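First the structure, in the form of structure tokens, and then the observations on it.
The values are calculated or read from the model by the stated rules, or taken from the named source; none is laboratory data. No experiment lies behind these values; they were computed from the predicted model shown. Methodologically, a virtual Cβ is constructed for each residue, glycine included, from the backbone with ideal geometry; neighbour enumeration extends over all protein chains shown. These area figures cover heavy atoms from the full protein model, side chains too; ligands, DNA and RNA do not enter into them. Shrake-Rupley method; radii C 1.70, N 1.55, O 1.52, S 1.80 Å.
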Amino acid sequence: MKLMALILDVDGTLAETETTHLKAVNGAFESMDLSWRWSRSLYRELLATAGGRARILRFLIENCPGENREALEDLAVRLHAEKDRRYRASLEAGEIRLRPGAERLIGEARSAGLALAVATATGRKNFEMLLRHAGGPESSEWFDVVCTGGDAARHKPAPDIYLQVLAKLGLPAGACVAIEDSNLGVASAQGAGLPVVVTESSFTTGEDFVGAIAVLSDLGEPDQTMKVLRGTAFGKRLVDIELLRRWHQEATK
């Protein structure tokens, strides 16, 4: 089957956003006079729960034993809203850029006639702001299908978000390749039948990424070549359409 579409995750894959999310959630705690602060190591553990509000609620439940569940859910909603406000301010300030090779590969995929889609647990407004501030004026036209956190009943590692994307693309899983940065994302894509390439992010370094076609440092640029951490890139120094097609052929034969 021919490769017809590329599906990308956002946080950690399209852009290295998690450090900014972490700063924003700690700012939200501070703004509400709460003494909690998340370290990088704790945040990495909490990333096993996809979705910002769900992650905050998990933390509150674990750290407020005996507290009324409804009160914790309300606090999680308020904290998440404040976290998002702070995160968006960082986007507007230009603190986040796309990861190496992301914009280049998107342009090559569009030129090659591949469909492009997004499958992410992040909110739609955050995604749209990320594109506007990190991707530039034409980025709103990059993707044929966008499925965000509110579009699926279950977050990753469940396959729901990828199944939604495939349904909207009107394509079988075997005609697509997913690009992810975490075990959660790999499990989600594979659960929907998709072959997956991983670009390791700063918060997923060292995860096992079982079943991924290849694990890379990033997508690479002509002057900033990628590191192949697992698998083979067939001598390539960056991810291009030819390499994606070769990986796809190997994964689906």
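Taken together, Q164, Q224 contain a single residue that is at pLDDT below 95 and either of a type outside the set (D, E) or within 15 Å of the chain's Cα centre (by Cα) (or both), which is Q224.
Per the conditions (1) touching a strand residue (DSSP E or B) at 6+ places or on another chain (Cβ under 9 Å); (2) part of a helix (DSSP H, G or I); (3) not small (G, A, S), the sole criterion not satisfied by L91 is (1).
Is at least one residue of the stretch 80-95 in contact with a helix residue (DSSP H, G or I) (Cβ under 6 Å, 6 or more places away or on another chain), surrounded by 15 or more Cβ atoms within 10 Å (Cβ to Cβ) and more than 14 Å from K23 (Cβ to Cβ)? Within the stretch 80-95, one or more residues are in contact with a helix residue (DSSP H, G or I) (Cβ under 6 Å, 6 or more places away or on another chain), surrounded by 15 or more Cβ atoms within 10 Å (Cβ to Cβ) and more than 14 Å from K23 (Cβ to Cβ). If the condition is being in contact (Cβ under 8 Å) with a residue 12 or more places away in the chain and either closer than 17 Å to G211 by Cα or out of contact with any Leu (no Cβ under 8 Å at 6 or more places or on another chain) (or both), then the stretch 231-248 contributes G231, T232, A233, R237, L244, R246, W247, H248.
Yes/no matrix, rows are residues, columns are (1) surrounded by fewer than 18 Cβ atoms within 10 Å (Cβ to Cβ); (2) charged (D, E, K, R):
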{"site": "L8", "(1), (2)": "no, no"}
{"site": "T13", "(1), (2)": "no, no"}
{"site": "L34", "(1), (2)": "yes, no"}
{"site": "R58", "(1), (2)": "yes, yes"}
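Of all residue pairs spaced 6 or more apart or on separate chains, those with beta-carbon atoms under 8 Å, a first member in the stretch 38-55 that is closer than 15 Å to K83 by Cα and a second member that is at pLDDT below 95 and open to solvent by 40 Å² or more (accessible area, probe 1.4 Å) are G51/H155; A54/H155. Filter the stretch 188-197 down to the residues that are within 13 Å of the chain's Cα centre (by Cα) and either open to solvent by 20 Å² or more (accessible area, probe 1.4 Å) or under 8 Å from P159 (Cα atoms) (or both) and list them by number. Result: S188, A189. The single condition among (1) over 21 Å from the mean Cα position of the chain (by Cα); (2) under 27 Å from L98 (Cβ atoms) that L22 does not meet is (1).
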